[in-house]
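The values are calculated or read from the model by the stated rules, or taken from the named source; none is laboratory data. Being a predicted model, the structure only gives us computed values, none of them experimental. Cβ sites come from the backbone with ideal geometry, for glycine too, and all protein chains shown count toward neighbours. Side chains are part of the model used for accessible areas, which takes the heavy atoms of the whole protein and leaves out ligands, DNA and RNA. Shrake-Rupley method; radii C 1.70, N 1.55, O 1.52, S 1.80 Å.
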Amino acid sequence: MSNDILVKAVEVTKNFGSFRALDAASLEVKKGEVCCIIGPSGSGKSTFLRCINLLERMDGGAIWVNGELIGYRRDGDHLHEISDAEISRQRRRIGMVFQRFNLFPHMTALENIIEGPVQVLNEPMAEARDRAMALLDRVGLADKAGHYPSELSGGQQQRVAIARALGMRPDLILFDEPTSALDPELVQEVLDVMKDLASSGMTMIVVTHELGFARNVANTVAFMEAGKMEEVGPASQVLSMPKSTRTAEFIKAVHN
Amino acid sequence: MVMEVSQVADQRYEIAHLKLVPKRHVGRMVAAAVVLALLAGLVRAFAMGQIEWNYVAEFLFAPAILQGLYNTLIMTFAAMALGIILGVLIAIMRISGNPVLSSIAVGYVWVFRGAPALLQLLLWFNLALIFPTIGIPGLFEFRTVDVMTPFVAAMLGLGISQGAYTSEVVRSGLLSVDSGQYEAARTIGMTQMKMLRRIVLPQAMRVMVPPIGNEVIGMVKLTSLASVIQYSEILHNAQIIYFANTRVLELLLVASFWYLVVVSVLSIGQHYIERYFGRGAKSIRATI
Ligand SMILES: Nc1ncnc2c1ncn2[C@@H]1O[C@H](COP(=O)(O)OP(=O)(O)OP(=O)(O)O)[C@@H](O)[C@H]1O
Ligand SMILES: [Mg+2]
């Protein structure tokens, strides 16, 4: 049963100077599950995601993705920090979608998706191109392949960014507030793509303020506060009958 | 009464028959006239002066001048290539986060920006005075005077000091790239070098090309310093000719002509390079 677990974070701690951004945060996500992380601004949601793909180095605790310890090599009872090349290798299987899209502005939509497979996975160009076109089609943007990011709307850019993450054939995709920078009328098209992705069995950890999406799509919901996982549980339970009063207060505040 | 008012109003708003008189730029016309008069005076002075224009024409395509022009171009290319390679290297060391590398980078800029290019050129050229031979003892060794030809000394002197300036241009280019771009590149598993080469530098180029274009044009003219160590660039060759025939001004005009031609061609090239690296970016002009 334990090999069903794709992400396991155990007591992850992260300090910025004397400020504790993550305080023994633990989380388990099973293969094919969607986990939404909610919580007030500054509670450490982004920092937690960034520890999973090593954009941030944790100060304590450990994270396993697909059974592999992230950022360290275990040798008996010693933990060795892994090399930069090893870090790059671990990141390949972990996609990330950012609030501000972060598409490469000097490349077209198609080139953005091809870049990783060709440059990092050494896939042949023709194959990468075919796959990228299929991915663009999947996010509904086949007709925008030759457009530069500056020529796309926010919602379209975010869909290209999701296709770019998928291009790496990831085990897991991390979403950091993927719809927060979008105009209200563009939010749904991105959520639809994510919902579609979830039903195809992709494992996803999604930091979001869209409680509706969490209710409909997430299997588990984690409520973070002050660097701690205040409450983690099945989506319906956490959102409808939270055990923690802090969770209840937050959900009530978001609904108003 | 009512009808009268509406007739008056109709006439007032009827503009089809009116003639448009464009704004007269009197100031511009006066300024242009003054400039033209001054230019005419200057042309006349040169025409009447002691300049033998037939000499200018004769030496414009003289083999020694063309050879000098060729050497000037070669030196510009060699010194600038060295400058850009060093500049990129030093800039990357500077922002690498490795304290040893970044101290070396700071020291490099400090030293080589701190001494005049002419002085550095002379130092390299006269290196034999302190190091008669260079090499790795036991492996290989050369006599310094054989290695340190005018070409090599000029390239090192100009290229290394250029590297100090160019590294600051490159650094500002790297800093201009949004941190989200670095993170996106890391997220798709790129190594540091690949990220710089594929994602960061191409975007930084947009910021770097105008100042580097400026530096290349500066370098075309800076190569004339190499004449003091007997490198046969165009000014050096022009001087050799006028030492013999005393047509000083004529030959200086010949050299000026060629410098102007080279700089013009480079400026046009810069335009196209800027357009290439600006792809995908919204034009600034369109937003002003
Ligand atoms: N690089 C950093 N240096 C110093 N402090 C930081 C840094 N990154 C984050 N922090 C701090 O850590 C805390 C958690 O930040 P984080 O970005 O993870 O919050 P968040 O839950 O994602 O908030 P938001 O909903 O506003 O995105 C914040 O108080 C923030 O100020
Ligand atoms: Mg955040």
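Picking from residues in segment B:170-187 that are within 27 Å of the chain's Cα centre (by Cα) and of a type in the set (Gly, Ala, Ser), the one that is farthest from the other protein chains (Cβ to nearest Cβ) is B:SER172.
Where strands (runs of 3 or more DSSP E) fall entirely within segment A:144-256, those with at least 2 residues that are of a type in the set (Asp, Glu) are at A:228-234. On the stretch given as segment A:2-50, residues that are free of Cβ contacts under 8 Å to residues at least 40 places away in the same chain, among the small types (Gly, Ala, Ser) and either within 14 Å of chain B (Cβ to nearest Cβ) or more than 12 Å from ligand 1 (Cβ to nearest atom) (or both) total 1. For segment A:90-125, a residue qualifies if it is open to solvent by 70 Å² or more (accessible area, probe 1.4 Å), part of a helix (DSSP H, G or I) and more than 7 Å from chain B (Cβ to nearest Cβ), and the qualifying residues are A:GLU111, A:MET125.
Just one residue in the set B:TYR231, B:TYR259 is open to solvent by 30 Å² or more (accessible area, probe 1.4 Å) and out of contact with any strand residue (DSSP E or B) (no Cβ under 9 Å at 6 or more places or on another chain); that residue is B:TYR259. Of everything listed in (1) in contact with an Asp or Glu (Cβ under 8 Å, 6 or more places away or on another chain); (2) within 16 Å of ligand 2 (Cβ to nearest atom), the single unmet condition for A:GLU210 is (1). Does A:PHE48 satisfy being within 16 Å of ligand 2 (Cβ to nearest atom), aromatic (Phe, Trp, Tyr) and surrounded by fewer than 20 Cβ atoms within 10 Å (Cβ to Cβ)? So A:PHE48 fails the test. Is it the case that segment B:157-169 has a residue that's buried (at least 20 other Cβ atoms within 10 Å of the Cβ), facing chain A (nearest Cβ under 9 Å) and not in a loop (DSSP other than H, G, I, E, B)? No, every residue in segment B:157-169 fails to be buried (at least 20 other Cβ atoms within 10 Å of the Cβ), facing chain A (nearest Cβ under 9 Å) and not in a loop (DSSP other than H, G, I, E, B). Taken as a whole, the condition of being open to solvent by 20 Å² or more (accessible area, probe 1.4 Å), within 14 Å of another protein chain (Cβ to nearest Cβ), among the acidic types (Asp, Glu) and within 25 Å of B:LEU82 (Cβ to Cβ) applies to B:GLU274. Of everything in segment A:237-256, what is of a type in the set (D, E, K, R) and either at pLDDT below 90 or farther than 20 Å from A:ASN219 by Cα (or both)? Give them in sequence order. Answer for segment A:237-256, where residues must be of a type in the set (D, E, K, R) and either at pLDDT below 90 or farther than 20 Å from A:ASN219 by Cα (or both): A:ARG246, A:GLU249, A:LYS252. Within segment B:188-245, being assigned to a helix (DSSP H, G or I), among the small types (Gly, Ala, Ser) and within 14 Å of chain A (Cβ to nearest Cβ) holds for one residue alone: B:ALA204. Here the condition is being among the small types (Gly, Ala, Ser) and in contact with a helix residue (DSSP H, G or I) (Cβ under 6 Å, 6 or more places away or on another chain); of B:ALA244, B:ALA185, it holds for B:ALA185 alone. Listed conditions (1) within 16 Å of ligand 1 (Cβ to nearest atom); (2) open to solvent by 30 Å² or more (accessible area, probe 1.4 Å) are all met by A:GLU185, apart from (1).
Test A:GLY17 against the stated conditions and say whether it is over 17 Å from A:LEU69 (Cβ atoms), within 14 Å of ligand 2 (Cβ to nearest atom) and open to solvent by 10 Å² or more (accessible area, probe 1.4 Å). Spelling it out, it is not the case that A:GLY17 is over 17 Å from A:LEU69 (Cβ atoms), within 14 Å of ligand 2 (Cβ to nearest atom) and open to solvent by 10 Å² or more (accessible area, probe 1.4 Å).
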